[in-house]
1. Treating the angle as unsigned and between 0 and 90°, give the value, to the nearest 10°, between the Cα long axis of helix 341-353 and the longest Cα principal axis of the chain.
2. To one decimal place, what orientation-averaged projected area in nm² is obtained for the convex hull of the Cα set of the range 1-62?
3. For the range 169-191 and the range 211-266, what is the separation of their Cα centres, given in Å?
4. As I understand it, the value is the acute angle between the Cα axis of helix 10-23 and the longest principal axis of the Cα atoms of the chain; what does it come to in degrees, rounded to 10?
5. If you fit an axis through the alpha-carbon atoms of helix 125-135 and take the longest principal axis of the Cα set of the chain, what angle between them do you get, 0 to 90°, nearest 10?
6. Rounded to the nearest 500, what is the 222 nm mean residue ellipticity of the chain from helices alone, with -39500 (n - 2.57) per DSSP H run of 4+ residues and division by all residues?
7. Say we join alpha carbon atoms closer than 10 Å with springs in a Gaussian network model of the chain; which of 115, 341, 200 then has the biggest fluctuation?
8. Calculate the spin-label point distance for residue 217 paired with residue 81, positioning each point 7 Å from the Cα along the beta-carbon direction, and give it in nanometres.
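Read-outs throughout are calculated quantities, based only on the coordinates presented, and are distinct from any laboratory measurement. This structure is a prediction, so every number in the text was calculated from the model and none was measured. Please note: Cβ atoms are built from the backbone with ideal geometry, for glycine as well, and neighbour counts cover all protein chains shown.
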Ligand code: UDP
């Protein structure tokens, strides 16, 4: 069986690390990796391949720095010629980026990993990518029961595709790499909040970005806030003349996954607008405040492990105050499978083909 894997952005490298490792234990499965080039810096791309032992991409398309449409269009064109040459049995795509959608457009069966998630916010480019990808995939590997429910609500039962709750490959990653964590090379306070911020809806709005940063600055008066800062967010802050020298926030360059695991293990709380980090907070038993107005990972909110704060200064501070003294253990339910998602995925593809 031959699989072409399309990846291009940081969260996809982390998910692909899990599945590529699973593939390597199936001698009759061959993987060809296509890196679209959406993320390309050392600390947004190369470090993940190196630290997580992801096989070197067979193709690197170097497509970045364009508008969404131009980027997706170029990816489609280049991926088409690769798929025609490689003739794989399956194309695997992950999550919700332009690379995900661009891998889904030919008459070769697509397996979508992290299918069925919905924020129900059509202003998010990610929501459009995931809806379109789900609709044209042959196998939808869902990370949660909620994702399956979402697809049922949209009538997927009538479509000629397979839906499977295989668990979340990010749970596999957290379990596998938990004892491989690496201490970052910057100094870390004993107690700190780990924050990340990069969603376009926050970074592209000066009002929202300034409000979130002001709230984090306020929180940092009593508990240090460490932020591995996404290149997009750094650029937007520079445009707003943010004073990087005067801030109380500890802004550091993006870190590799193994350092991130260290930060997750040692932080007191997570504040983020990332999708993946909300779950990782749960995996490492940390409360999370989500700097968005909705989440795809609703089970975390139902569980009481995550509070949706939105972007307004007062809301962030109020929710932080509510969570900072909470010690209740709400982290024991196995919401995201048992760390076997990677193997389940490859076995299912083999089963369908047998
Ligand atoms: N991550 C990382 N280094 C960082 C920031 C995030 O390794 O400096 C990891 C994080 O632990 C998670 C993934 O990147 O596994 C999440 O990616 P991101 O937040 O970029 O995307 P999203 O999950 O929102 O799609």
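1. Long axis of 341-353 versus the principal axis of the chain: about 20 degrees.
2. Reported value for the Cα convex hull: 3.7 nm².
3. Cα centres, the range 169-191 to the range 211-266: 18 Å.
4. Once rounded, the angle reads 40 degrees.
5. Result, in degrees: 30.
6. Computed ellipticity for the chain at 222 nm equals -12500 deg cm²/dmol.
7. Ranking 115, 341, 200 by mean-square fluctuation puts 200 first.
8. According to this spin-label approximation, the distance is 5.0 nm.
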